[in-house]
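Engineer: Right, I'll just put the structure down here and ask away after.
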Amino acid sequence: MAAPNHNGLDTLRACIEFLRPEAPYWGEVPRDVLLEAIELSQRVGLRAASKEYLSDYEGYLFDTGRDLGLNLLNLVPGDSVVDVGCGYGALTLALARMGCDVIAVDTVAERLMFTAARCREEGLDNVRYVQGTLTDIAHEGSSFSAVVMNGVLEWLPLGDLHARPADVQRKAIATARSALAPGGRLYLGIENRFSWSVISGRLDHSGLRYTSLMPRPVASAYCRWRGQGYR
């Protein structure tokens, strides 16, 4: 399937600020399928386009439970929030609906385009789309009401394989803290390591089963023994 090249895609891409070289595509949805859905959505709406191209992913993309934790932040209209690693826009959309001024940040342009399509379809114009990382906008400094990192912290060490994972994660948290205004809040979200899906045998982030249930030294030794190349 050839990737489409239509005005609808060009318009969405044009709304993105590119602050660093584009990263290789990564996502739960294949790139060409995602682009076909985005292009079609500009003519028939995102839900109809998703039923056409993304039926296997609708439960994941439009899961309404992803944003429930945002209520803990006690945000009010006008608050400035950064959604780091916005993915397909579930939390960005929820934050924009609250009336927050949102910066949606992701390294993958296609996911930002999908997020922009979701927000624009609802007439939400209070979102800025940035291809890059939190570091790229942290220099705007000490001004954000909240920084949201949902399903992000666990993946960051893949961006620097020469550093200790814990050091990469601590640096990211320190960067987030430096970007917050006084009284600002950092929202960290990650799957429960003892969740039913993991217990029932779903692949962990390691690419193996059951490693999140193991003590960390055992899990590390097991991954090394398996020679796992997925992560």
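Engineer: How big is the dipole moment of the range 1-106 about its Cα centre under a simple scheme where the beta carbon of each Lys and Arg is +1, that of each Asp and Glu is -1, and everything else is neutral? Debye, nearest 20, please.
Structural biologist: Numbers: 8 positive and 16 negative charges, 33 e Å.
That gives a dipole near 160 debye.
Engineer: Given the options ASN150, ALA49, VAL29, identify the residue whose Cα lies farthest towards the positive end of the charge dipole of the range 23-151 (+1 on Cβ of Lys, Arg; -1 on Cβ of Asp, Glu).
Structural biologist: Farthest along the dipole direction, towards plus: ALA49.
Engineer: Obtain the nm distance between the two label points defined at ARG164 and LYS51 by a simple spin-label model: each point lies 7 Å from its Cα along the Cα-to-C-beta direction.
Structural biologist: 5.3 nm
Engineer: Still on this model: For the chain, give me the percentage of DSSP beta bridges that are antiparallel, rounded to the nearest 5 percent.
Structural biologist: 5 percent
Engineer: If we count every other residue with Cβ under 10 angstrom of PHE62's Cβ, Lys/Arg +1 and Asp/Glu -1, where does the sum land?
Structural biologist: Numbers: positive: ARG47, ARG66, ARG118; negative: GLU58, ASP63.
Neighbour charge sum, excluding PHE62 itself: +1.
Engineer: Sequence-distant or interchain residues sharing an amide H contact under 5 Å with ALA181, placed H: which?
Structural biologist: Amide H to amide H, under 5 Å and 5 or more residues apart or across chains, ALA181 pairs with SER143, PHE144, SER145.
Engineer: Per residue of the range 103-113, what does 6.51 cos²θ - 1.76 cosθ + 1.60 with θ = phi - 60° give for ³J(HN,Hα)? Whole Hz please, x for Gly and Pro, Karplus curve as stated.
Structural biologist: 10, 8, 10, 7, 7, 9, 4, 4, 6, 5, 4
Engineer: While we're here: Going 7 Å from the Cα of HIS205 along its beta-carbon direction, which residues of the range 148-191 have the amide nitrogen within less than 14 Å of the resulting point?
Structural biologist: Under cut-off, by backbone N: 149-160, 165-173, 188-191.
Engineer: Over the range 74-231, what relative contact order in percent results from Cα pairs under 8 Å that are six or more residues apart?
Structural biologist: Answer for the range 74-231 is 18 percent.
Engineer: Follow-up. Once R0 is set to 45 Å, what does the formula 1/(1 + (r/R0)^6) return for the Cβ-Cβ distance between GLU22 and LEU213, expressed as a FRET efficiency to the nearest 0.05?
Structural biologist: Efficiency, rounded to the nearest 0.05: 0.80.
Engineer: Then there's this: SER142 to ILE173: FRET efficiency via 1/(1 + (r/R0)^6), r the Cβ-Cβ distance, R0 22 Å, to the nearest 0.05? Don't skip to the answer; put the middle values down first.
Structural biologist: Numbers: r = 15 Å, r/R0 = 0.70.
Taking R0 as 22 Å, the efficiency between SER142 and ILE173 is 0.90.
Engineer: In the chain, if the dipole is taken from +1 on Lys/Arg beta carbons and -1 on Asp/Glu beta carbons about the Cα centre, which of TRP225, SER178, LEU112 is farthest to the positive end?
Structural biologist: My answer, from the dipole projection, is TRP225.
Engineer: Let me ask you something else. Taking amide H atoms as placed 1.01 Å from N in the peptide plane, list the residues 5 or more away in sequence, or in a different chain, whose amide H sits under 5 Å from that of GLY85.
Structural biologist: Amide H to amide H, under 5 Å and 5 or more residues apart or across chains, GLY85 pairs with VAL105, ASP106.
Engineer: Further question on the same structure: Once you charge only the Cβ atoms, +1 for Lys and Arg and -1 for Asp and Glu, what is the size of the charge dipole of the chain about its Cα centre, to the nearest 20 debye?
Structural biologist: 920 debye
Engineer: Continuing with the same structure: Report, to the nearest whole %, how much of the accessible area of the chain belongs to carbon and sulfur atoms, 1.4 Å probe, protein only.
Structural biologist: 53 percent
Engineer: Take SER197 and GLU154, extend 7 Å from each Cα along the Cα→Cβ direction, and tell me the distance between the two endpoints in nm.
Structural biologist: It is 0.9 nm.
Engineer: Comparing TYR88, TYR210, TYR129, which has the greatest mean-square fluctuation in the GNM of the chain with Cα pairs linked when under 10 Å apart?
Structural biologist: TYR210
Engineer: Figure the gain on full extension for ALA14 and ARG226 (residue separation times 0.36 nm, minus the Cα-Cα span) and round it to one decimal in nm.
Structural biologist: On the way: separation 212, 0.36 × 212 = 76.32 nm, distance 4.40 nm.
Stretched out fully, the ALA14 to ARG226 stretch lengthens by 71.9 nm.
Engineer: A follow-up question, please. Would you mind working out the accessible area per residue for the chain, using a 1.4 Å probe, and quoting it in Å²?
Structural biologist: It amounts to 54 Å² per residue over the chain.
Engineer: Can you work out ³J(HN,Hα) from phi for every residue in the range 115-126, in order, using Karplus 6.51 cos²θ - 1.76 cosθ + 1.60 and θ = phi - 60°, giving whole Hz and x for Gly and Pro?
Structural biologist: Rounded to whole hertz, the list is 4, 5, 4, 4, 5, 5, 5, 8, x, 8, 10, 9.
Engineer: When the chain is treated as a GNM, springs tying every alpha-carbon pair under 10 Å, which of LEU95, LEU75, LEU208 comes out with the largest mean-square fluctuation?
Structural biologist: Greatest mean-square fluctuation among the candidates belongs to LEU208.
Engineer: Give me D for the chain in µm² s⁻¹, whole number, from Stokes-Einstein with Rh from the Kirkwood sum over alpha-carbon pairs, 20 °C and 1.002 mPa s. Don't jump to the answer; show the numbers that get you there.
Structural biologist: Values: Rh = 18.8 Å.
Value of D from the Cα-based Kirkwood radius: 114 µm²/s.
Engineer: Residue farthest toward the positive end of the dipole of the chain, with Cβ of Lys/Arg at +1 and Asp/Glu at -1: which of VAL130, LEU72, LEU61?
Structural biologist: LEU72
Engineer: Which residue, GLY27, GLY99, GLY151, tops the fluctuation ranking in a GNM of the chain built on C-alpha contacts under 10 Å?
Structural biologist: Among GLY27, GLY99, GLY151, the largest mean-square fluctuation in the Gaussian network model of the chain belongs to GLY27.
The values are calculated or read from the model by the stated rules, or taken from the named source; none is laboratory data. Bear in mind the structure is a predicted one, so any value in this text is a computation, not a measurement. Because the Cβ atoms are built from the backbone with ideal geometry, glycine has one as well, and the counts that use them run over all protein chains shown. SASA here: full protein model, heavy atoms, side chains in, ligands and nucleic acids out. Shrake-Rupley method; radii C 1.70, N 1.55, O 1.52, S 1.80 Å.
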